1. What is the dipole size for the stretch 4-150, taken about its Cα centre, with +1 at each Lys and Arg Cβ and -1 at each Asp and Glu Cβ, in debye to the nearest 20?
2. Compute a Gaussian network model of the chain, connecting alpha carbons closer than 10 Å, and tell me which residue from 25, 95, 47 fluctuates the most.
3. Considering only protein heavy atoms, what is the solvent-accessible area of residue 2 at a probe of 1.4 Å, reported in Å² to the nearest 10?
4. Within the stretch 75-94, name every residue whose backbone N is under 15 Å away from a label modeled 7 Å from Cα of residue 123 along the Cβ vector.
5. Find the relative contact order for the stretch 105-151 and round it to a whole percent, using C-alpha pairs within less than 8 Å whose residues are 6+ positions apart.
6. Excluding residue 97 itself, what net charge comes from residues whose Cβ is under 12 Å from its Cβ, given Lys and Arg +1 and Asp and Glu -1?
7. Find the accessible area per residue for the chain; the probe is 1.4 Å, ligands and nucleic acids are left out, and the unit is Å².
8. Can you send over the carbon and sulfur percentage of the accessible area for the stretch 67-113, probe radius 1.4 Å, protein chains only?
Amino acid sequence: MKVRICFVCLGNICRSPTAEATMRHLVELEGLDAAIHLDSAGTGAWHVGEPPDRRAAATGKRRGVRVGGRARQFQADDFDRFDYVVAMDQNNHRHLIELAPTEIDGKKVFLFRDFDLDSGKGQDVPDPYYGGDDGFEHVFEVCAAAARGLLDHVREKHVL
Ligand code: 4NP
């Protein structure tokens, strides 16, 4: 059984595809592709079907990380398909808890940066959509650090 992780932001074109890509990069480096399934989605539907924001893709490309996929909206029945539903910010987190069909599903919802032991609890991945390119650089760094912490957590918890 794979460990299944879905990263969730608002639009699924900036932060959650970057989170998924940084996590996949680490998972591949550590030879865990067969053990961990990764996906991402948005709480909103505005960008469904679109590729990642070109600024997110360009930032990943400069660092040798492919930020890909197509945007989709997170659905309540996604809770059946994932073990970890990882929110990029507090708003996404609240939205996901409201959407969770059961209390057990609600316990699958985590805040991404809580896995980064250096960032402190309750921190958001800041929304870069309306800002400049430097916002995307920052998002990439924040995601890479949180992905490291999440992978350490998953390896320990699931003995991988
Ligand atoms: P994301 O960024 O949630 O990181 O994908 C956003 C993308 C689009 C919008 C907001 C945030 N929007 O308002 O369309």
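The values are calculated or read from the model by the stated rules, or taken from the named source; none is laboratory data. On a predicted model such as this, the values are computed, not experimentally measured, just so you know. Cβ: placed from backbone, ideal geometry, glycine included. Neighbour counts: every protein chain shown. To get the accessible areas, we keep the full protein, side chains included, count just its heavy atoms, and leave off ligands, DNA and RNA. Shrake-Rupley method; radii C 1.70, N 1.55, O 1.52, S 1.80 Å.
1. Using only the charged Cβ atoms, the result is roughly 340 debye.
2. Among 25, 95, 47, the largest GNM mean-square fluctuation belongs to 95.
3. That residue has around 90 Å² of solvent-accessible surface.
4. The answer is 88-90.
5. On the way: 41 pairs, mean separation 20.1, N = 47.
With pairs under 8 Å counted, the relative contact order is 43 percent.
6. On the way: positive: 94, 107, 108; negative: 98, 103, 105.
With Lys, Arg at +1 and Asp, Glu at -1, the neighbours total 0.
7. Working: 8120 Å² over 160 residues.
Here the per-residue accessible area is 51 Å².
8. Heavy-atom surface of the stretch 67-113 belonging to carbon and sulfur, 1.4 Å probe: 48 percent.
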